[in-house]
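A.B. asks: Dropping a structure here in structure tokens format, bear with me for questions.
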Amino acid sequence: MSLPEFRLLRPSTVEEAVRYLSQHAGNIRVLAGGTDLIPSMRQRLFEPEYVLDIRHIGELKGIRQGAEVEIGALTSLTVIEHSEFLRRHYPVLAEAASTVASPLLRNMGTIGGNICLVTWRKGCGFCIKKDGDLCHVAPGGSKCWAVFSGDTPPALLCLDAHIEIASSAGLRRIPLREFYTGIGDSYRRLEANELVTRIFLPAASADYRGIYRKLRIRGSIDYPLAGVAVVLKRSNGHVKDARLAITAVNPAPMLIKAAPQMLEGKAVDTNLAEAVGDLAAKTAKPLTTSALTPEYRREMIRVFTKRAVLAAANN
Amino acid sequence: MSDFSIIGKRTAMVDAAGKTTGAGKYTDDLTLPGMLIGKILHSPFPHARIKRIDSSRARALEGVVAIVTGKDAPNPYGILPVGHDEHALALDKVRYVGDNVACVAAISEAIAENALELIDVEYEVLPAYFDPEESMKAETDLIHENKLHNIEKDYHHVFGDPEKAFGEADYVAEGRFIANEVTHAAMEPHSTLAAFEIDSHTGKPGRLTVWSSTQVPYYLQHKLSLVLDMPMAQIRVIKPLVGGGFGGKSEVIPLEIIAAIAARAAKAPVKITYTREEVFWAHRGRPRSIIDLKTAVKKDGAITAVKARVVQDGGAYCSYGVVTILYSGALLGALYDIPNIQYDGYRVLTNKPACGAMRGHGTVNVRFAFESQLDEIAARLNLDPAEIRRRNLLKPPCVTINGLRVQSYGLPECIQQVVERSRWKQRKGQLGKASGLGIACSHYVSGAANSIIRSDMPHSTVNIKIDRDGGVVVYTGASEIGQGSDTMTAQIAAETLGCSLGRVKVVAADTDLTPIDIGSYSSRVTFMAGNATLRAAEQVKKQIASAAARKMNCAPEDVVFREDKVFRKGDTQGQSPTPLEPTQAAVSVSGRVEGQILRGSLQQKRKEEGQKYFLTFEEAVVAAIDFHGALTGTGSYAPPPEARGGKHKGAGVGPSPAYSYSAQVAEVSVDEDTGEVTVHKVWAAHDCGRALNPVSVEGQIIGSVWMGMGQALEEEMVWKDGMLMNPGLLEYRSPSSTESPEVEPIIVESVDPEGPFGAKECSEGSLAATIPAIANAIYDAVGIRLHESPFTPERVLAALRARKGAKPINLTEGVDPTAPRRFREHGGALWFRGKGPERHPLDPARREAADAGGDD
Ligand SMILES: Cc1cc2nc3c(=O)[nH]c(=O)nc-3n(C[C@H](O)[C@H](O)[C@H](O)COP(=O)(O)OP(=O)(O)OC[C@H]3O[C@@H](n4cnc5c(N)ncnc54)[C@H](O)[C@@H]3O)c2cc1C
């Protein structure tokens, strides 16, 4: 399919970018790496009149260390994957980034784009998500169940990341966990005139052990069919603090809220890891896709959680 | 192979640089002045009557030049003479989601796409059939009026006395196997550019030229002539570079005719390139096959009878279906010695894209079933799986019970090689937790002995012309599709003529220039076009020899051609100590420097010198041209009558002048918590007769194993109500490099008495062994027998849970309760597994469910 026609806008500052956004709100799409937007446009999921190419906003690129860690929304996944600093202090994020798509797509794809990744993507007939009134995966319902399939958000949720959002009204900052709605066709709390500009990792989240486990059929390219991120800090062989999040099995990436209490103060053994796995599996609501049954994927949330918890607790 | 200077050497493909640098041109790279882009409107319904098409709104769109529908070319066609059931654009009915309804030719792709949305089509939706076993019960709303019960074709073969053999067997194994649907996924999407010469006097479209990504230019020329009502002589088909076919381009694909119809209407060249989604709809891949297999053996493992019932889900049109269902039965023979065979094959129509030929055409799924069952039998009889295969070898030369002639037979050596190299005896069963080895064998035809067009004409003809400077031009209809046919042709010509490879230029697959060849499919090219090339080269060589003999004062039979020299037999003068190396001497003697031929002075000087002890190739050529006039030769090949098979109905499919053989050992490990299977290594031995180009043979073996592994573990077309749910390379999961195992290709050379220099096929036969080798390795690793491919993690896990009596995972737990009772989902039965109509008692889904329940 050909790319629909659009006007390309290329701002070089955030101010310029948000001005365009409010000017054309509702009729404009942000292009960061383009690895998600361009295929979606070819499939006519969107046909905006304007495309805002933010790749020339230099200040949104790169990782800055300070009281907290600041990652520009335009930082490529390759940079995150290979950052020595992140690998040492926030390993779960570097690992999650390294599993996205393929090396070429990680060179182009950005962390901001990964967070804002559009749910569901295939044009095999119309559904609620696009022009239709029927849901292929949960027939009979009127809620959109389009699944969120980004790899880095569960890691970022575990790290208690915050994001900075810019608009012509100024900057606001929210915890990432408040960003997602859990509804497939309006999955993120981002106004049409807003831009995600930065991601912040609190210093308090540094130096947790971190593990990301991803279910996919191929060793590369595939989106996650289920994903589990765990971060954990120990003292004296016991869990001091831990967080767990899952992705690709709900319309939003989700923190498993009860997991920290379950783990805190305990020495992790197989039984405990299994119990946490059961908990995570209960939260997962995977739906039909063209690969692997929902039941299997929920089962893998259980297995992967158990494995990730054990690995994080015992190296 | 010191007897050869070019054959048997590792030779880079003659078109390699063009492809790797991007200089090579594929169809979609071509443009013509005034060229339009064509886009096809596809049916959104699996089965519907077209009541009305109104394209007036689309026609009014600026930039739209022509819109064509079924009425513009109503003649039916199909690749098989018995299967002319397709129309380029639907006439009255659409039969699958993606069927072709109309085509817009416009000045840009975007305009053509927009115009499609303005075409109004009124459909009357009809009940549709998606499951072959359901479809076979159909009484009404048949997919094609003349195909009762939606059965395209069924065959019932009995050879020997299977009933008696089953009665006398020591052990009978029985099982149902399902191989889900897969497709070729060639890298290049189909593309066609069609242009009419507009007669400058009448202004009407005259001669037609079509550039197309095809494996079969001559069939395309023929079908175009049928549908467009034009003489074949008025149609020229040219095949540019093709980026892979694997069978997906081995018949006429709708766009190839639609482009021509649109070009005729628009009076301008029209190019159509499929999107990836359209490639999936065009399909012609390997059908989902339901195989009920029964094998009788004696205590010692000797197979006494085989009974197979195969139902293939063929999709909405015949395509190669009749051939596929026949291959599935015929190729039960010619691998092992099986004295009694019963085969019942049903090719069934359903409202999905048509299946057709795909690498290992017809044999792959049945081989998966057979080799898995043989492994079960070996376990049951406590025999080594390699040994049971050895006990059932053929004793060639022979003719099998179903009429297949086998001459060269490298299977014993293939088995021996993989057993040795994998250290099977030491390692089988010893690999430790959840790791295992599995073995399986397969075979394939080196071209069909009977062509699908049922005529006595040669299957391949090749012409050769040699110019005064010693440049050799080979004209062949054989279609290079990436498999290396041009290189093979050049090698055979150069070896036969004793000239260097660089002298040979291959002109291929242009129906105006090259003599007829039926195409690149059924692994026929090396055997048949190779033999034709050999014969053409020998004919020219004879002419050169007679002229050279006069110059050298000897008998023509005593003239030897080698390394760009022509000399007398026994005369060492001509032999250069280091063959092929372009030493200074060789360069000056051959007069050939870096691809250029030095003319004139050197030739002239030596020409005047009187009697010679040797001649350079050019001198010999000049002498021959002076003596005979033009220097041309022609050769053709038709399979010998002895190889053409028996007399029963359907006997035409299966016979081949020679069969390739393969044995493989796969090493896998299984994650018992997730069901994920990792293939670590595959040892693949393939008997290709003689390896004309070892590097190319190895490439084909590795590619076959890789493609087989895709079908074994990952690839599967998933359907929902006739809609393909994974029509893209992201969702249709061909393996990526990360999970591709190490493949150790092992070449076995049985030197076939009829192949060119003894060569047989090497590009398809290996694929079929990979799937059961992996299945058998999984059994060795964790003791589960998988009856349904691909062996996705969930299928493996479900089987593991069932075996262990652990908590079974209920694969239908989350299924929507409002789902219709009718079985609508398959292609792996991913969603509604166990639901719907009664499944066959041996259906693997049932069996697992039953086992799981029992253990609970
Ligand atoms: C073959 C393939 C495989 C893939 N596999 C994976 C995978 O395994 N895991 C995975 O997580 N992803 C995968 N992806 C999706 C994608 O490549 C990544 O998610 C990538 O990180 C997206 O980043 P981008 O910069 O390219 O996003 P873009 O395509 O530029 O943008 C994505 C979306 O976010 C919006 N957006 C981008 N940046 C901002 C911003 N700063 N503020 C507001 N909105 C913004 C865009 O408007 C768009 O809607 C895959 C994609 C392909 C094509």
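A.B. asks: Go through segment A:97-118 and give me each residue that's more than 8 Å from the ligand (Cβ to nearest atom) and more than 14 Å from chain B (Cβ to nearest Cβ). Reasoning before the result, please.
C.D. replies: Quick first cut of segment A:97-118, residues more than 8 Å from the ligand (Cβ to nearest atom) only: A:97-98, A:103-104, A:107.
Within segment A:97-118, A:Ala97, A:Asn107 meet the criteria.
A.B. asks: Look at segment B:64-112 and say how many of its residues are outside any loop (DSSP other than H, G, I, E, B), open to solvent by less than 10 Å² (accessible area, probe 1.4 Å) and within 14 Å of chain A (Cβ to nearest Cβ).
C.D. replies: Total satisfying the criteria: 3.
A.B. asks: Every residue in segment A:167-202 that is touching a strand residue (DSSP E or B) at 6+ places or on another chain (Cβ under 8 Å), closer than 19 Å to A:Pro48 by Cβ and open to solvent by less than 70 Å² (accessible area, probe 1.4 Å), please.
C.D. replies: Selection gives A:Ser167, A:Tyr187, A:Arg188, A:Leu190, A:Ala192, A:Asn193, A:Glu194, A:Leu195, A:Val196.
A.B. asks: With a cut-off of at least 3 residues that are open to solvent by less than 30 Å² (accessible area, probe 1.4 Å) and within 22 Å of B:Thr678 (Cα to Cα), name the helices (runs of 4 or more DSSP H) lying wholly within segment A:212-315.
C.D. replies: Numbers: elements: A:259-263, A:270-283, A:294-314.
The helices (runs of 4 or more DSSP H) meeting that bar are A:294-314.
A.B. asks: Sort through B:Glu277, B:Glu251 and tell me the only one that's among the charged types (D, E, K, R) and crowded, with 24+ Cβ neighbours inside 10 Å. Outline the logic, then answer.
C.D. replies: Working: B:Glu277 fails: crowded, with 24+ Cβ neighbours inside 10 Å.
Being among the charged types (D, E, K, R) and crowded, with 24+ Cβ neighbours inside 10 Å holds for just one of B:Glu277, B:Glu251, which is B:Glu251.
A.B. asks: Read through the list (1) open to solvent by less than 30 Å² (accessible area, probe 1.4 Å); (2) within 30 Å of B:Glu277 (Cα to Cα); (3) without any contact (Cβ under 8 Å) to a residue 60 or more places away in the chain; (4) within 11 Å of the ligand (Cβ to nearest atom), then give the number of the only condition that A:Ile57 fails.
C.D. replies: Result: A:Ile57 passes all but (2).
A.B. asks: Which of the numbered conditions does A:His82 fail, given that it passes all the others? Conditions: (1) surrounded by 18 or more Cβ atoms within 10 Å (Cβ to Cβ); (2) without any contact (Cβ under 8 Å) to a residue 60 or more places away in the chain; (3) away from the ligand (no atom under 13 Å from the Cβ).
C.D. replies: (1)
A.B. asks: Just give me the residues in segment A:40-51 being near the ligand (Cβ under 8 Å from one of its atoms) and touching a Pro at 6+ places or on another chain (Cβ under 9 Å), in sequence order.
C.D. replies: Start the filter on segment A:40-51 by keeping residues that are near the ligand (Cβ under 8 Å from one of its atoms), which leaves A:40, A:46.
Hit for segment A:40-51 is A:Phe46, nothing else.
A.B. asks: Of B:Gly477, B:Gly436, B:Gly482, B:Gly410, which residue is at positive phi and not basic (Lys, Arg)?
C.D. replies: Working: B:Gly477 fails: at positive phi; B:Gly436 fails: at positive phi; B:Gly410 fails: at positive phi.
Result of the check over B:Gly477, B:Gly436, B:Gly482, B:Gly410: B:Gly482.
A.B. asks: Of A:Ala25, A:Ala94, which residue is among the small types (Gly, Ala, Ser) and touching a helix residue (DSSP H, G or I) at 6+ places or on another chain (Cβ under 8 Å)? Please lay out each step first, then the result.
C.D. replies: On the way: A:Ala25 fails: touching a helix residue (DSSP H, G or I) at 6+ places or on another chain (Cβ under 8 Å).
The match here is A:Ala94.
A.B. asks: Looking at segment B:515-553, which of its residues are crowded, with 24+ Cβ neighbours inside 10 Å and part of a loop (DSSP other than H, G, I, E, B)?
C.D. replies: Residues satisfying the conditions are B:Ile518, B:Gly519, B:Ser520, B:Tyr521, B:Ser522, B:Ser523, B:Arg524.
A.B. asks: Look at segment A:7-38 and say how many of its residues are within 14 Å of chain B (Cβ to nearest Cβ) and either of a type in the set (Asp, Glu) or surrounded by fewer than 18 Cβ atoms within 10 Å (Cβ to Cβ) (or both).
C.D. replies: Adding up the residues that qualify gives 2.
A.B. asks: Residue check, A:Leu37 against (1) under 30 Å from B:Glu109 (Cα atoms); (2) within 11 Å of the ligand (Cβ to nearest atom); (3) touching a Ser or Thr at 6+ places or on another chain (Cβ under 9 Å), all met but one. Which one?
C.D. replies: (3)
A.B. asks: Shifting gears a bit: Please go through (1) surrounded by 24 or more Cβ atoms within 10 Å (Cβ to Cβ); (2) over 27 Å from B:Glu714 (Cβ atoms); (3) outside the structural domain of B:Lys39 (by TED's automatic domain parsing) for B:Glu174 and return the number of the only condition it doesn't satisfy.
C.D. replies: B:Glu174 satisfies every listed condition except (1).
A.B. asks: If the requirement is being within 14 Å of chain B (Cβ to nearest Cβ) and within 12 Å of the ligand (Cβ to nearest atom), which of these qualifies: A:Ser149, A:Ser167? Write out each step before concluding.
C.D. replies: Working: A:Ser167 fails: within 14 Å of chain B (Cβ to nearest Cβ).
Result of the check over A:Ser149, A:Ser167: A:Ser149.
A.B. asks: If I filter segment B:690-699 for residues that are of a type in the set (Ser, Thr, Tyr), away from every other protein chain (no Cβ under 14 Å) and within 22 Å of B:Gly244 (Cα to Cα), do I get at least one hit?
C.D. replies: There is at least one residue in segment B:690-699 that is of a type in the set (Ser, Thr, Tyr), away from every other protein chain (no Cβ under 14 Å) and within 22 Å of B:Gly244 (Cα to Cα).
A.B. asks: Also, quick follow-up: Could you please find all residues in segment B:727-759 being within 14 Å of chain A (Cβ to nearest Cβ), not in a loop (DSSP other than H, G, I, E, B) and not β-branched (Val, Ile, Thr)? Working first, answer last.
C.D. replies: First, the residues of segment B:727-759 that are within 14 Å of chain A (Cβ to nearest Cβ): B:727-741.
If we keep only those that are not in a loop (DSSP other than H, G, I, E, B) too, we end up with B:737-739.
Listed by number, the residues that qualify are B:Ser737, B:Glu739.
A.B. asks: Among strands (runs of 3 or more DSSP E) lying entirely in segment B:225-332, which contain 2 or more residues that are in the same structural domain as B:Glu174 (by TED's automatic domain parsing)? Let's see the steps before the verdict.
C.D. replies: Values: elements: B:235-238, B:270-273, B:288-297, B:303-313.
Of the strands (runs of 3 or more DSSP E) lying wholly inside segment B:225-332, those with at least 2 residues that are in the same structural domain as B:Glu174 (by TED's automatic domain parsing) span B:288-297, B:303-313.
A.B. asks: Here's something else I'd like to know. So which strands (runs of 3 or more DSSP E) stay within segment B:412-506 end to end and still have 1 or more residues that are of a type outside the set (D, E, K, R), open to solvent by 10 Å² or more (accessible area, probe 1.4 Å) and under 30 Å from B:Gly645 (Cβ atoms)?
C.D. replies: Counting at least 1 such residues, we get B:460-466.
A.B. asks: Evaluate the following for B:Ala798: is it touching a Gly at 6+ places or on another chain (Cβ under 8 Å), under 20 Å from B:Cys414 (Cα atoms), of a type outside the set (Val, Ile, Thr) and crowded, with 24+ Cβ neighbours inside 10 Å? It would help to see each step written out before you state the result.
C.D. replies: Working: touching a Gly at 6+ places or on another chain (Cβ under 8 Å): yes; under 20 Å from B:Cys414 (Cα atoms): no; of a type outside the set (Val, Ile, Thr): yes; crowded, with 24+ Cβ neighbours inside 10 Å: yes.
So B:Ala798 does not fit the description; no.
A.B. asks: Continuing with this model, one more query. Kindly evaluate A:Ala94 against the criterion of being away from chain B (no Cβ under 14 Å), closer than 22 Å to A:Gly210 by Cβ, near the ligand (Cβ under 7 Å from one of its atoms) and modelled with pLDDT of 90 or more. Reasoning before the result, please.
C.D. replies: Values: away from chain B (no Cβ under 14 Å): yes; closer than 22 Å to A:Gly210 by Cβ: yes; near the ligand (Cβ under 7 Å from one of its atoms): no; modelled with pLDDT of 90 or more: yes.
Taking the combined requirement at face value, the residue does not satisfy it.
The values are calculated or read from the model by the stated rules, or taken from the named source; none is laboratory data. This structure is a prediction, so every number in the text was calculated from the model and none was measured. Reconstructed Cβ throughout: ideal geometry from the backbone, glycine too, with neighbour counts over all protein chains shown. The area values use the complete protein model at the heavy-atom level, side chains included, leaving out ligands, DNA and RNA. Shrake-Rupley method; radii C 1.70, N 1.55, O 1.52, S 1.80 Å.
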